[in-house]
Amino acid sequence: MLKKEQNEYLTQTGPGTPMGDLFRCYWMPALLSEELPEPDCAPVRVKLLGERLLAFRDSEGRLGLIDEFCAHRGVSLWFARNEECGLRCPYHGWKFDVNGQCVDVPSEPAESGYAKKVKLKAYPLIEKGGVLWTYMGPPEKQPPEPEFEFCTVPLNQTFSSKRIQESNWLQAMEGGIDSSHVSFLHRGDLANDPLFKGAAGNKYNLGDLSPVFEIAESDGGLLIGARRNAEDEQYYWRITPWVMPCYTGVPPRGDHPMHGHFWVPIDDESCWAWSYDYHPTRPLTDGEVAAMKDGKGIHVKYVPGTYRPLANKDNDYLMNREAQKAGRTFSGIEGIGMQDASLQESMGPICDRTKENLVGTDNGIIMARHRLMRAAKALVEKGVIPPGVNPEHHKVRQAALLLPRAASYTEGAKEALIAKKGVRQTSV
Amino acid sequence: MQSETARVTTARESSYRVQYPNSKRRDVKVVALDALSASLVDEVSREPWNGAKFFTSLSFSTDSAPGTTGEGLKAWLKDLAGAANDLVEEVASSDFVVVVTSAGEGARAVSLIADACALHNKSLVALVVPGPETTDAQISDSMTHLRPFARMLVIASGADYISAMLTALRA
Ligand code: FES
Ligand SMILES: [Fe+2]
């Protein structure tokens, strides 16, 4: 349970809010590279942390993320012409470059220098791992570039997708660290999904439905270990990392690519659910990429031409009661991503946590909320840089492994939890 | 036409969630396993709680050998007023039990509490809150002792987590 004030504290990320300040300490995924495929392509509207922005790639390939609205009379620059290194507003011709700087006010003599006095707010936009990242905080505090493994391996080893989720970011993110739902909600998918099936570890998941949990704080966030009984006096451990504020990793299965999410607030009632899939040491196969594009694993099928899931609240997520009754899906919804999204959206745009009844196994969620509140408070009151900003904190890996019963996962899996270039993931 | 699912998930419709309570008061028992955690638990116990009961130490008769259950299990919890309470009775009347430890002490105590929990099918949450001088070896030692018994084992870096967790659990 959270008190009403705490729930508001954690769920509001607009400018000037404590959590908004916290999010503005980090590089965040903003767009897929494919959304700005070439110089002078169409600009794209972007809303992040409650701010309406516009992304574009100029004639020289430079990336910009600027205030969406023209400084002259407030027209949306989505209508602008992307030409000769800038966006030209179609209304009266004012022109802005990737830094938001106004470079031309046609009605005024160029010599007057008036254009120099006009500048739209702009945030840096960088390309890494097929993703365009932005940092929306104070320029003097801009941290080094993100180092999450999925965005540092060669491009043919990584695949990212995103889907819009019509709920607050926190209830979406909490799903990513809520390991105890997997044995229920997703139980139908382990055996069938091409990106999960066949792993030796799957039998432990299906054989022991009441895992025991261990939670440890890491420098950047949390490590959430779930252990199940295995043969020969061993435990099967699945370890989920959470890096503050909104990166989660799903423990791997066999040699399948490793995946996880970023949960990025759009505004207080919607967020982007980013899904990455990568293999640390080999290119993704054509079959894997085709399955990911087809919405398998943690990815989804889209309404054509959008990043909105094909199964969405307008069509009751294509609820299939027959499949639910027959046990092919536990909730009647197809696909892991939409199984999660449908339930999280059903909580309402902002989940009312004053009414929940948490139990001991919810400690991962309790601890994550606690760390977020503690970090936001330290930032706002004392300017303390929060965990997860330092790129060293990004170099963590999810892992699945067998350990002797007496071994601690934080010790026994120490090496497995570190992202190392050229080293295969630890997985069963 | 808008689907029923789309209509009912608006902010407006969310405001129609029924306002009656959906759970009864919980009985949570919190037991400190060592001296350092006893002082933390003592402090936390002064906050307003919904009925959580706090104990700062456990004593047991030597014939409660490891593995003793049922009738044979004789152990007493000391509450904050210093009174002795029967462990098995306290566990029996709880919804769940939280044990708190700072370093590697209290191994025998936790196994007794776990036995009592097993006897009454209660779940046990274990919280390790290292003190300023606790070494990594001691932490890992605590974990090893607690691991076989707890459904949820948490290592928290700060003492403020005890109260954060209990609040979240409506203790
Ligand atoms: S059982 Fe967990 S939300 Fe209903
Ligand atoms: Fe899920």
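Where a number appears in this text, it was derived from the coordinates with a stated rule and is not lab data. No experiment lies behind these values; they were computed from the predicted model shown. In this analysis, Cβ positions are derived from the backbone assuming ideal geometry, glycine residues included, and neighbour counts consider all displayed protein chains.
Restricting attention to region A:1-87, which GluC sites (Glu not before Pro) occupy a DSSP loop and are surrounded by at most 10 other Cβ atoms within 10 Å?
Here the sparse-neighbourhood loop sites are A:E60.
So if each residue of separation counts as 0.36 nm, and I subtract the Cα-Cα distance between A:K325 and A:D232, what length gain in nm does that give?
Difference between extended and current length: 29.8 nm.
Which value, in debye to the nearest 20, describes the size of the charge dipole of region A:195-338 about its Cα centre when Lys and Arg Cβ atoms bear +1, Asp and Glu Cβ atoms bear -1, and nothing else is charged?
Using Cβ point charges on Lys, Arg, Asp and Glu, region A:195-338 gives about 500 debye.
Output the 0 to 90 degree angle, nearest 10, between the alpha-carbon long axis of helix B:136-146 and the longest principal axis computed from the alpha carbons of chain B.
Once rounded, the angle reads 80 degrees.
What order do you get for A:158-169, A:297-308 when each peptide is scored by the mean count of other beta carbon atoms within 10 Å, highest first?
Working: A:158-169: 23.4, A:297-308: 17.1.
The packing order, highest mean first, is A:158-169, A:297-308.
What does the charge add up to near B:V18, with Lys and Arg as +1, Asp and Glu as -1, over the other residues with Cβ less than 12 Å from its Cβ?
Computed value for this residue: +1.
Let's test this: bin the Cα-Cα distances of region A:238-378 at 10 Å from zero up to the farthest pair and state each bin's percent.
Bins of 10 Å from zero give 9, 32, 38, 19, 2, 0 percent of pairs.
If a/c stays under 1.5 just call it rounded; otherwise compare a/b with b/c (prolate if a/b is bigger, oblate if not). Do that for region A:160-243, with a ≥ b ≥ c from the square roots of the Cα gyration tensor eigenvalues.
On the way: a/c = 2.10, a/b = 1.27, b/c = 1.66.
Oblate shape, in that a/c is at least 1.5 and b/c is the bigger or equal ratio.
Roughly how crowded by other chains is peptide A:401-413, in terms of the mean Cβ count from those chains within 10 Å of each of its Cβ atoms? The partial results should precede the final answer.
On the way: counts 0, 0, 0, 0, 3, 3, 3, 8, 2, 5, 4, 0, 0.
That average works out to 2.
How large is the helix-only mean residue ellipticity at 222 nm for chain A, computed as the sum of -39500 (n - 2.57) over DSSP H runs with n ≥ 4, divided by its residue count, in deg cm²/dmol to the nearest 500? Let's see the in-between values first.
Details: 10 runs with 82 residues, N = 428.
Rounded to the nearest 500, the figure is -5000 deg cm²/dmol.
How charged is the neighbourhood of A:K128? Take every other residue with its Cβ under 11 Å from the Cβ of A:K128, and add Lys/Arg as +1 and Asp/Glu as -1.
Residues close to A:K128 contribute a combined charge of -3.
Which one of A:L125, A:F148, A:Q165 is farthest out on the positive end of the charge dipole of region A:107-171, using unit charges on Cβ (Lys, Arg +1; Asp, Glu -1) and the Cα centre as origin?
Checked the options; the winner is A:Q165.
Which value, in debye to the nearest 20, gives the size of the charge dipole of region A:273-428 about its Cα centre, when Lys and Arg are +1 and Asp and Glu are -1 at the Cβ? Please report the intermediate quantities before stating the final value.
Numbers: 23 positive and 17 negative charges, 100 e Å.
Roughly 480 debye, rounded to the nearest 20.
Evaluate peptide A:305-316: per residue, the Cβ atoms of other protein chains within 10 Å of its Cβ; return the mean as an integer.
Numbers: counts 0, 0, 0, 0, 0, 0, 0, 3, 9, 6, 3, 4.
Partner Cβ neighbours, averaged per residue: 2.
Would region A:71-132 count as rounded, prolate or oblate if I go by the C-alpha gyration tensor, calling it rounded below 1.5 in a/c and otherwise prolate when a/b exceeds b/c, oblate otherwise? Walk me through the numbers before you get to the answer.
Working: a/c = 2.35, a/b = 1.80, b/c = 1.30.
Judged from the Cα gyration tensor, region A:71-132 comes out prolate (a/c at least 1.5, a/b above b/c).
Dipole of region B:1-134 (Lys/Arg Cβ +1, Asp/Glu Cβ -1, origin at the Cα centre): which of B:Y16, B:A75, B:A52 lies farthest to the positive side?
Positive-most Cα among the choices belongs to B:Y16.
What does the net charge come to around A:I366 if you take all other residues with beta carbon closer than 12 Å to its beta carbon, with K and R at +1 and D and E at -1? Walk me through the numbers before you get to the answer.
Values: positive: A:R353, A:R369, A:R371, B:R170; negative: A:E174, A:D178, A:E356, A:D362.
Every neighbour counted, the sum reads 0.
The protein assembly as shown: percent of C-alpha pairs farther apart than 48 Å?
17 percent
Among A:F79, B:F96, rank each residue by its count of other Cβ atoms within 10 Å, from fewest to most, as a rough exposure measure.
On the way: A:F79 12, B:F96 20.
Ordered from fewest to most neighbouring Cβ atoms within 10 Å, A:F79, B:F96 come out as A:F79, B:F96.
Along the charge dipole of region A:171-304, Cβ charges K/R +1 and D/E -1, which of A:M292, A:V250, A:H181 sits furthest on the positive end?
Of the listed residues, the answer is A:M292.
Quick check: from the Cα gyration tensor, does region A:34-95 come out rounded (a/c under 1.5), prolate or oblate?
Values: a/c = 2.17, a/b = 1.10, b/c = 1.98.
Oblate.
Once you keep just the Cα pairs under 8 angstrom separated by 6 or more residues, what percentage relative contact order results for region B:21-171? Let's see the in-between values first.
Numbers: 295 pairs, mean separation 37.2, N = 151.
For region B:21-171, the relative contact order is 25 percent.
Over chain A, what is the mean sequence separation of C-alpha contacts under 8 Å (at least six apart), divided by residue count, expressed as relative contact order in percent?
That works out to 19 percent.
Roughly how many debye, to the nearest 20, is the charge dipole of region A:25-172 about its Cα centre, given +1 on each Lys and Arg Cβ, -1 on each Asp and Glu Cβ, and no other charges?
Value, rounded to 20: 480 debye.
Helix B:35-45 versus the longest principal axis of chain B: what is the Cα-based angle in degrees, 0 to 90, to the nearest 10?
40 degrees
Using only atoms on other chains, find how many Cβ atoms lie within 10 Å of each Cβ of peptide B:153-164 and report the average.
For peptide B:153-164, the averaged partner shielding equals 5.
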